[in-house]
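The values are calculated or read from the model by the stated rules, or taken from the named source; none is laboratory data. Just so it is clear, the structure is predicted and the values come from calculations on it, not from any experiment. Positions of Cβ are backbone-derived with ideal geometry, glycine not excepted, and every protein chain shown enters the neighbour counts. Please note that ligands, DNA and RNA were not included when accessible areas were found on the heavy atoms of the full protein model with its side chains. Shrake-Rupley method; radii C 1.70, N 1.55, O 1.52, S 1.80 Å.
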Amino acid sequence: MSKFLLPLLVFLVLVGVFVVGLTKDPSRIPSPLLGNPAPEYSLPSLEDPTQQAGSADFFGKVALVNIWATWCPGCRQEHGFLMELAAENTIPIYGLNWRDNRPDALRWIDALGNPYQTSAFDADGRVGIDWGAYGAPETFLLDSNGMVVHKHIAPLTREIWERDFVPIIEQLEAGG
């Protein structure tokens, strides 16, 4: 009897773990950066490799940092919304072009538009790793002190923006 009870118990525990896992939102993976300063970095600018782009560009203001790449289907999916958001001029968006090919990324920006104030070119992916990137797209909301206050994994949409980002931005603008 006991040789059947142990496998049954292990099976029930595994079922419980899977059920709990299936109820979790995969875009809400916790980030060790939340509540901490954004990583400092300086990389060649995507558009002009003789210029630097990085954390100095966005410190001192509420801003978004968006990790993107041309090989990323979700990045293409969210790009139209990023263009809308940039046109609204409510928050500056800074890009981190991650593990990409510069000519491909430049063609992408030329064809689809450029929502970024500037985009750093992270060819080897080291800066993305410093940000704790699991993949692309990932979007970070920073307060004016350079602290990471929110992280979103997956394509950004109007619904997600209104639900998850706008209330935090309003709170930051109100001084909270």
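Observations
- Amide H to amide H, with H built 1.01 Å from N, A53 comes under 5 Å of L43, S45, counting only residues 5 or more places away or on other chains.
- The stretch 81-165 - accessible surface per residue (Å², probe 1.4 Å): 42 Å²
- Note, ³J(HN,Hα) from phi for the stretch 152-159, Karplus 6.51, -1.76, 1.60, rounded to Hz, x at Gly and Pro: 10, 9, 3, x, 7, 10, 4, 4
- Computed E for R76/E173 - FRET, C-beta separation, R0 25 angstrom, nearest 0.05: 0.20
- Principal axis box of the stretch 66-176, alpha-carbon based, largest edge first, Å: 41, 28, 21
- Extension gain for the segment N89 to D48, taken as residue separation times 0.36 nm less the Cα-Cα distance, is 12.4 nm to one decimal.
- Hull shadow area, averaged, the stretch 99-145 [alpha-carbon convex hull, nm²]: 4.1 nm²
- Computed from backbone phi, the HN-Hα couplings of the stretch 92-106 come to x, 10, 10, x, 10, 7, 10, 6, 10, 9, 3, x, 5, 5, 5 Hz, rounded to whole numbers (Karplus: 6.51 cos²θ - 1.76 cosθ + 1.60, θ = phi - 60°; Gly and Pro given as x).
- Residue order for V148, V62 - accessible surface, 1.4 angstrom probe, largest first: V62, V148
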